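To start, the structure under review is shown below, and the notes come after it.
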Amino acid sequence: TLTHDFSVAEALSDHIAVMYAGEIVEYGTRDEVINDARHPFTKGLISALPRNGFKAIKGYSPPLTDLPEGCRFHPRCPIAREECKKNHPGLDMSAETHVVRCPYA
């Protein structure tokens with residue numbers, strides 16, 4: 001299932017991949033992603049669900065033709081560090097089923 005509706009993904013999927021600016025930022029089982037979200041964007045999506053009070057993520061997604069250097073989410077990220085502006089993180093594949101593209105998550 002491909003959707004922009006997180007509630008639909010939660011209801012229909014066994015696994016969820018969360019994408020931001022053209023790349024996967026978090027992937028895991030439905031329960032891992034919903035109940036133990038690690039990437040700041042995933043956490044923001046979950047906070048923005050109606051049942052959680054519509055707490056919007058600040059800022060806007062960048063156009064794919066003008067991506068920021070470093071982490072693509074850093075301009076909007078509540079935990080961004082100076083390194084995030086320079087280094088584009090890879091997916092941390094150390095966990096067997098739950099992967100995330102943020103070394104600080």
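The values are calculated or read from the model by the stated rules, or taken from the named source; none is laboratory data. Remember, predicted model here, so these are calculated numbers, not experimental data. Ideal geometry is used to build each Cβ from the backbone, glycine not excepted, and the neighbour counts take in all protein chains shown. Note: areas computed on protein heavy atoms with side chains; ligands, DNA, RNA excluded. Shrake-Rupley method; radii C 1.70, N 1.55, O 1.52, S 1.80 Å.
Considering only residues in region 4-48 that are acidic (Asp, Glu) and either closer than 27 Å to residue 70 by Cβ or without any contact (Cβ under 8 Å) to a residue 12 or more places away in the chain (or both), the one that is least open to solvent (accessible area, probe 1.4 Å) turns out to be 26. The residue that is modelled with the lowest pLDDT, among those in region 79-102 that are touching a strand residue (DSSP E or B) at 6+ places or on another chain (Cβ under 7 Å) and loosely packed, with under 14 Cβ neighbours inside 10 Å, is 93. Which numbered condition in (1) touching a helix residue (DSSP H, G or I) at 6+ places or on another chain (Cβ under 7 Å); (2) over 25 Å from residue 97 (Cβ atoms) is the only one that residue 52 fails? Here residue 52 clears every test but (2). Does region 66-77 contain any residue that is outside any helix (DSSP H, G or I), open to solvent by less than 80 Å² (accessible area, probe 1.4 Å), at positive phi and of a type outside the set (A, V, I, L, M, F, W, C)? Yes, region 66-77 contains a residue that is outside any helix (DSSP H, G or I), open to solvent by less than 80 Å² (accessible area, probe 1.4 Å), at positive phi and of a type outside the set (A, V, I, L, M, F, W, C).
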